[in-house]
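Peer 1: I'd like to ask some things about the structure below.
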Amino acid sequence: MLTRPIRVLLAKVGLDGHDRGIRVVARTLRDAGMDVIYSGLHRTPEEVVTAAIQEDVDVLGVSLLSGVQLTVFPKIFRLLDSKGANDMIVVAGGVMPDEDVLELRKMGVKEVMLQDTPPDMIVATLTRLVSERGER
Amino acid sequence: MSPYVPSGELVERAATGETAAIGRLISRAEANMAEARGALAEIYLRAGRSHVIGITGVPGSGKSTLVASLTAKLRRKGSKVGVIAVDPSSPYSGGAILGDRIRMSDLVMDPGVYIRSMATHGSVGGLAHATLSAIDILDFAGFDTIIVETVGVGQDEVEIAKASHTTIVVSAPGLGDEIQAIKAGMLEIADIHVVSKCDRSDANKTLVDIKQMLTLDAATSRLPAWRTPVVGLSSYTGDGYPELVEEIEKHRAFASGVKPSAAREASIASFRLQKTAETLLMDRFATSSARFRKSITERLQKRESDPYSLANELLTLSLG
């Protein structure tokens, strides 16, 4: 376990304007004692990765309800790699087909939490992923 | 940055302005990691060039928006700008939602701007405990101007004035009358007053209240000969920003002109020493008092003795 709060950047990428879900997740993580940075709507992968590196977050969580996951995540991983930040834990949330979930896992997305994930499970998942990675 | 990179190595990478290294050093300062102490000490010794601007004001007064617009203006003049934005932690869970970045999203892709959000984690003066270290790190990494935005404060959170070279207090129209303006506390610490949202019709009243307070109160500025200006601006229309940048430059020149600058540096150093000693003392106390706490708390709860005597006893037992 870390001796400090887990830092998380929650991001909305692209034209997707549905932010009710991500705000609920932000509250849930806050109530679990995490420091949560919210990007706001309509960000580009470049903006999200830059923010995540400046903020040095443990976890980058991207919420997508617009179906562009297979376009957005490869860009995010490429950018993280090129900026020397490949120890960042990337997770996804939202609504997406099961076959895309498999693709994302192959790409390096550590966990994909779909629309029916209970809030406690999100907290437990992030806590586990950060504790497995350890202090850095 | 896969396995653990030693902090000493991060120092050299931060010196070249590498974003990931700067970010990681700030995280280690925030986590108070013993391994990073030497690196932070070295950074402190090699820092000290930047101009630190503190921005404070009540919640919703427009601080984040002002920081975003001011940063854009300073960038146009060629200054590299670091921003540290502090938001409150929950008193119950310890968690936080750091939302200042949202107002600054236009700046993200500019490599001459670095933005870091910080939660207070129980600090009460308007800053977070690692804010001062973060200032050193950004200073060391070559940012000419560092803007520190405090949490939205009430009337008494004035630590920012002890940590910055130029303190800007932001007031918004419609939040109180002239009696608020003559109270002690936050309004006294301003080197520059800003009244935001001056596109609103009631802004003039606030401008007048603050100006009147200042005419009665020439002695409060820490630089005796500095005339504290009141700048009305609107982030909506952009009015007032050229004047604000001008006043910041004037204050910087004024403060670094002669003796008062040394006094300001001395007061920043003294504050730094005090805060660091407090942190060390509190850590030591937290560890060494742990085994006495339960029994002494019980005695207090049963009213076997009074708080003052029992606190004294706890201190003696813990720190000797």
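Peer 1: Restricting to Cα atoms and excluding each atom paired with itself, what does the Kirkwood estimate give for region A:7-131 in Å?
Peer 2: Details: mean 1/r = 0.0704 Å⁻¹.
So the Kirkwood estimate lands at 14.2 Å.
Peer 1: If you place +1 on the Cβ of every Lys and Arg, -1 on the Cβ of every Asp and Glu, and leave all else neutral, what size is the dipole of chain B about its Cα centre, to the nearest 20 Debye?
Peer 2: Rounded to the nearest 20 debye, it is 400 debye.
Peer 1: Under a GNM of chain A (C-alpha, springs under 10 Å), which listed residue has the highest mean-square fluctuation: A:43, A:105, A:20?
Peer 2: Maximum fluctuation in the GNM of chain A, among the listed residues, is at A:20.
Peer 1: Using the Kirkwood radius built from alpha carbon pairs, what does the Stokes-Einstein equation give as D for chain B at 4 °C and 1.567 mPa s, in µm² per second?
Peer 2: This corresponds to a translational diffusion coefficient of 61 µm²/s.
Peer 1: If you average the sequence gap of Cα pairs under 8 Å that are 6 or more apart and divide by the length of chain B, what percent do you get for the contact order?
Peer 2: This gives 17 percent for chain B.
Peer 1: Now a separate question. Quick check on packing: order B:159-170, B:281-292 by the mean number of other C-beta atoms within 10 Å, highest mean leading.
Peer 2: B:159-170, B:281-292
Peer 1: Separation of region B:72-134 and region A:54-115 by C-alpha centroid, Å?
Peer 2: 25
Peer 1: Across the residues of B:36-45, average count of Cβ atoms on other protein chains within 10 Å?
Peer 2: Other-chain Cβ atoms within 10 Å of each residue's Cβ, averaged: 0.
Peer 1: From other protein chains only, count the Cβ atoms within 10 Å of every residue's Cβ in B:113-123, then give the mean.
Peer 2: 3
Peer 1: Additional query: What is the extension gain from residue A:24 to residue A:114, computed as 0.36 nm multiplied by their sequence separation minus the C-alpha to C-alpha distance, in nm to one decimal?
Peer 2: 31.0 nm
Peer 1: Ratio of region B:1-149's C-alpha Rg to 2.2 N^0.38 Å, to two decimals? Don't skip to the answer; put the middle values down first.
Peer 2: Values: Rg = 15.0 Å, N = 149, 2.2 N^0.38 = 14.7 Å.
It is 1.02.
Peer 1: Ranked from highest to lowest mean number of other Cβ atoms within 10 Å per residue, what is the order of the peptides B:262-273, B:62-73?
Peer 2: Going from most to least packed, we get B:62-73, B:262-273.
Peer 1: Now a separate question. Rounded to the nearest 500 deg cm²/dmol, what is the calculated helix-only ellipticity per residue at 222 nm for the protein assembly as shown, with -39500 (n - 2.57) per DSSP H run of length n ≥ 4?
Peer 2: Computed ellipticity for the protein assembly as shown at 222 nm equals -15000 deg cm²/dmol.
Peer 1: Additional query: Pick out which of A:61, A:40, A:93 has the largest mean-square fluctuation in a Gaussian network model of chain A, springs linking Cα atoms closer than 10 Å.
Peer 2: Between A:61, A:40, A:93, it is A:40 that shows the largest mean-square fluctuation.
Peer 1: Here's another thing I want to ask about it. Once you average over the residues of B:13-26, how many Cβ atoms of partner chains fall within 10 Å of each Cβ?
Peer 2: 3
Peer 1: Which FRET efficiency value, to the nearest 0.05, do you get for residue A:107 and residue B:305 by plugging their Cβ-Cβ distance into 1/(1 + (r/R0)^6) with R0 = 60 Å?
Peer 2: Details: r = 63 Å, r/R0 = 1.06.
So the FRET efficiency works out to roughly 0.40.
Peer 1: So if R0 is 30 Å, what FRET efficiency would residue B:295 and residue B:34 give, r being the distance between their Cβ atoms, rounded to the nearest 0.05?
Peer 2: Calculated value: 0.50.
Peer 1: Let me ask something else about it. Taking only Cα atoms, what is the 0 to 90° angle, nearest 10, from helix B:37-46's long axis to the longest principal axis of chain B?
Peer 2: On a 0 to 90 degree scale, this one is about 30.
Peer 1: What are the equivalent ellipsoid semi-axes of region B:271-319, built from the alpha-carbon gyration tensor (square roots of five times its eigenvalues), in whole angstrom, biggest first?
Peer 2: In descending order, the three semi-axes are 25, 11, 8 Å.
Peer 1: If you don't mind, there's one more thing I want to ask. How large is Rg/Rh for the protein assembly as shown, to two decimals, with Cα atoms and a Kirkwood Rh?
Peer 2: Ratio value, two decimals: 0.99.
Peer 1: Counting only other residues whose beta carbon sits under 14 Å from that of residue B:295, what net charge do I get with K and R as +1, D and E as -1?
Peer 2: +2
Peer 1: Moving on to the next point. Let me know the volume per residue of the alpha-carbon convex hull for region A:25-80, in Å³.
Peer 2: Convex hull volume per residue, Cα atoms: 86 Å³.
Peer 1: Sort B:204-210, A:65-71, A:31-37 by packing, meaning the average of other beta carbons within 10 Å per residue, with the highest value first. Let's see the in-between values first.
Peer 2: Details: B:204-210: 18.4, A:65-71: 16.4, A:31-37: 23.4.
Result, highest mean first: A:31-37, B:204-210, A:65-71.
Read the figures in this text as sums done on the coordinates, not as results from a lab. If you're wondering where the values come from, they're calculated on a predicted model, not measured in any experiment. With ideal geometry, Cβ positions are generated from the backbone for all residues, glycine too; neighbour counts draw on all protein chains shown.
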